[in-house]
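In what follows, a structure is listed as structure tokens, so that the remarks can point back to it.
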Amino acid sequence: KKMADDSSSQQVIANPDRLLPIANISRIMKQALPANAKVAKEAKDCIQECVTEFIGFITSEASDRLAKDDRKTITGNDIIDSMRALGFNDYLAFLQVFLEKRRKALKGVPAAKRRKKNQSGS
């Protein structure tokens with residue numbers, strides 16, 4: 001793929017293994033569009049790169065916080081704190097509601113069963 005920067009074009013080689021599956025991205029994009037709308041492959045590829053980079057950006061911030069606290073597991077609160085630190089305040093209320101609903105849904109479910117459920121994609 002070619003990508004232009006301020007001074008010249010340079011070759012950018014994306015590692016497809018690091019990207020989110022395009023089928024998942026397509027499904028999410030289609031849900032946000034009218035039924036008759038279509039999405040060009042170029043647009044899907046662009047979003048695929050963007051969301052992958054975004055997730056890496058937020059995760060990297062959370063990882064830095066973990067290192068400072070000498071912890072190994074990123075929690076939902078770590079993600080929210082990282083997004084706040086990076087200026088994504090418009091998303092915080094939604095994420096906090098989601099996290100609370102998820103915690104309520106999992107309350108009382110044994111940890112082993114939660115892990116098995118998460119691994120099966122549910």
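Quickly work out the residue 89-to-residue 44 label distance, labels modelled 7 Å from Cα along the C-beta direction, and quote it in nm with one decimal.
In this crude label model, residue 44 to residue 89 measures out at 3.8 nm.
Considering only protein heavy atoms and a probe of 1.4 Å, how much of the accessible area of the range 31-83 is carbon and sulfur, as a whole percent?
C and S fraction of accessible area: 55 percent.
Run the quick spin-label model on residue 22 and residue 107: label points 7 Å from Cα toward the beta carbon, then report their separation in nm to one decimal.
Taking the two extended label points, one gets 4.3 nm.
The values are calculated or read from the model by the stated rules, or taken from the named source; none is laboratory data. Everything quoted here is computed from the prediction, not taken from an experiment. All Cβ positions, even for glycine, are placed from backbone atoms using ideal geometry, and neighbour counts span all protein chains on display. With ligands, DNA and RNA removed, areas are computed over all heavy atoms of the protein, side chains included. Shrake-Rupley method; radii C 1.70, N 1.55, O 1.52, S 1.80 Å.
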